Structure formats: structure tokens, C-alpha cells
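For reference, the structure discussed in these notes is given below.
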Amino acid sequence: MSEGWLQQREHGTRIAWRFMVWMALSAGRPAARALLYPICLYYLVFSWQTRRAIQPFLIRALGRPIGWQDLYRQYHCFASTLLDRTYLLAGKASSFDVDIRGLDLLNDRLARGQGCILLGSHLGSFEIVRTIGLTLKDAEIKVLMYEHNTPMIRDNFHSLNPTIAETVIQTGSLDTMLQVKECLDRGGVVGMLADRLVKQDQATPCTFFGKPARFPAGTMWLASILKVPVILFFGLYRGGNRYEVHFELFAEEVLVDRRHRDREVQQWTQRYADRLEHYCRLTADNWFNFYDFWEEHG
Amino acid sequence: MVPPMYGRNQSVSDISTLESKVAKLIVHTLALKVDPARIQPEEPRFGDGVGLDSIDALELSLAISQSYGYQIRSNDRDIVATFASLRSRPHSYSKTWGSSVTAARSAGSRLRLKASDPITMVPTAPQQQMCGLEASVMFPVYSAGDS
């Protein structure tokens, strides 16, 4: 776990992005998907940095030596979900085959007017989960996001669906967590991703695939202050137009004794890392942390 | 309504009592390992407001709501800004004799005051303060102007 992803620049240009979005929406998904092959091939050949960063993960998650086709799958999977994000934001969710598991966990609590934290990761697509959110009746859904390092992607998607901007709580301002609390108090759902460190985040040392990795400590500490149920979610891309969404109860309440704060936050975070590892083994090609996660390259 | 933290009518000792109370609240709430007396209210604590710092602000607002019964909302811009340094640094506003005279005259003309009008001023601020000086000296002397 590192802040390495913050240093990475977005590739491509705004015009190329706009063209892709226009293409995707006017030519349709099959034609746009055909374009993903040359694009992924391009990245496979030219972005050696990314390739070097993702290799250790793939070797650990797959438990075997990896080849070009594994790397290519990774890029293709990422590109597919990014493309699908365009359709999802444009309101074309019905063309996807989404298998949802454990949604009752969330529905039951929302029916009781209980706010919930939805805890995700950069494994798979969170957009597909947001789509489910839009189908939950009367539930307010907000997503806590750090969008400062991908302004191009952000602007593009915001222009595609302006209502999305209203559902985003930007991290990095003093009242960020006050907004989170207010949404939960109204019985809403706040989604957050807990596998990436943002600058100045306090980190907690965990074990991920048997190797030490730093995870943000703030997430579990925040959950313990907010005293609401925490539900894990994973929106896994399974090829073609198939997605699998898993909801899993993490804790009715994350209890942290202030006197042993560091230790207990670490224990909770480790539990999260363990579940993440479990799903990573299921769908290694959904891992979209394209950077030196274990901070091994110094 | 928010109890004004640093209203004009508060004496210096009130402010420092409140400050030390707030300092204690901060140290206790955030489980800081420092002496409350050493908390510098002017020092920005939530500088960049990223990650844990914004969580600190949340904890602090919960503690304030428990201790003072006031719920801080994210749209209370002033209060959130106050969190940033707990006490905003004093700003200097330069004033000249001329500008004070002009201000007193224009106030007088707005109130249509004439020199012959029988007026009694009851200033509520001491004249050592700028606002007191303006209300108790400049206004009575210059407001009625020439008319």
C-alpha cells in the first residue's frame, strides 16, 4: 500500500477522451469494445512502469508465474469497466447482466432508517454498485472520493451525468466528514474505498498476500466514531456484459477502545484486508491498483 | 443560535477561559498527548484537512455538541473556518482621521441630523476601542456636519 498512485499522471488527452465517450455512445458497446483491443495493446507495450507495478500483485494473487496474456487481461478488464462506466452514467444500466448477492443486508438496514457505510476497494467497478444504489428506493447515496489526481476522467463523467457530481463528497476539505455524518444521520448510505492511502493519511501496517502493506487507518477510526453498520461491497467484472456484486456484513458497529486505538484500528483494518484478499483471489484481473502496492521498489 | 465565541462584549479573561476550555476539549477529544496549556489557538491545526484531519474535525464537532449542545453542520462555513485555526488571526484595518470624519458625516446625513437637533448619544463601547472612538467622539462631533 503506498501513495505511489498519486504520482501517476492520467494518460491520454481530453480530446481523445471525449472522442471515446462520443464513440461509445453513438456506435454502441460492441463497436467500442472492439476498439479496446488496440488501446490495451498500446498500453501493454508502452506503459512499462504500470506493468512493473502490477506484476507482483498478479504473481501473488494467481499463485503462478505470469505471462503477457495475464497483463493484457488486466488492462482489458480495466478498460472494459471504464467504458461501461460511460454507459452506466448515461443511464443504460439495463443492458448489463448484474448478479447481486446479499443486497438484503443493505435493504433491511435502510428500511429501519439506519445509515450505513459501504466499504469498497479498487477491485472491480464501484460504478456498477452505484447503479444499484439508484434502484434503492428513497435511499440517499453518497460516495466519498478523491478525484484530484484524475481531473480528466472526473470532468468527463461529470459532464456525462451532472447528477453524479451531487452524489460525490470530495475528500480533502475540513467538513468532509461532517457531510458524511449528516448523510448517515438522514439514513443514507456513504460509499468509500479503503485500500488507497491519500497523502498525510495515517497508515496502519497490515499483511496482504503474506507481505506487509500499509492501509489507511482513517477508515476504521471513522467507522468507529460514526457507529453505523459497515457493509463490504465488491462490484466484480466477469467478462462480456456480466457483473457480480457482493455485499457482505463487515460489522454492525466497529468498536474501537480509544486506549488501544492503534492496535484495534490495525485489527479491524486487517480484517478488511483479509476480505479484500479473498475477493482478489476470485478475480485477480479486477485489481485496478496499478501501482507499487507493497512499496517494494522504494 | 451559536453562542458567539469571541463577541465584542467579552472581556479578555472570558476569552482566555473559553480558550482553555476549548483547548482541554480538543486534547481530551482527540486524545492528544500534550498539555492543554500548550495548545496555541492561533496555530492552524487542520491545515490541509485531508484524511484524519477531517475526522478530527468530526470528533471535535461531536464533542462540542455533547458539551455545549450545539450541533455543527457542514454548511456552517464560519464555524468550519473557525476550526481551521480555532481563533482567526486578527486582521488590521487601517483608518485615518479623514475617513472617520467622512464616515461620521455620511451617517449623520443618512439620519438627516442637523446641528440644532437635541441629540443624546449613548455609546456602548469604550472610546479606547476604535468602534467606541467612532461612536462616542467622532459621531457626536462630526455627524451634524455643516447643515
With labels modelled as points extended 7 Å from the Cα through the Cβ direction, what inter-label distance (nm, one decimal) is found for B:SER65 paired with A:ALA34? 5.6 nm
Taking every DSSP beta bridge with both residues inside the range A:4-286, roughly what % is antiparallel (nearest 5)? 40 percent
With helices defined as uninterrupted DSSP H runs, which ones in chain A have an alpha carbon span along their own long axis of at least 18 Å and mean Kyte-Doolittle hydropathy of at least 0.5? A:14-27, A:29-46
Please tell me the relative contact order of chain A in percent, rounded to the nearest whole number, where contacts are Cα pairs under 8 Å and at least six residues apart. 28 percent
Does the range A:36-157 come out rounded, prolate or oblate by the C-alpha gyration tensor, with a ≥ b ≥ c the root eigenvalues, rounded set by a/c under 1.5 and, if not, prolate when a/b is larger than b/c and oblate if not? prolate
Can you tell me which of A:GLY191, A:GLY239, A:GLY218 moves the most in a GNM of chain A? Springs connect C-alpha atoms under 10 Å apart. A:GLY239
Within a Cβ distance under 11 Å of B:ALA63, other residues only, what is the Lys/Arg minus Asp/Glu net charge? -1
R0 of 30 Å, Cβ-Cβ distance B:HIS28-A:LYS211: FRET efficiency to nearest 0.05: 0.20
What distance in nm separates the simple spin-label points at B:LEU111 and A:TRP68, each placed 7 Å from Cα in the Cβ direction? 8.8 nm
Quick shape check on chain A: root eigenvalues a ≥ b ≥ c of the Cα gyration tensor, a/c under 1.5 is rounded, otherwise prolate if a/b tops b/c, else oblate, and it reads oblate
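Throughout, read-outs are computed from the coordinates displayed, never taken from laboratory work. Predicted model, so just to flag it, every value in this text is computed and none were measured. FYI the Cβ positions are ideal-geometry reconstructions off the backbone, even for glycines, and counts take in every protein chain you see.
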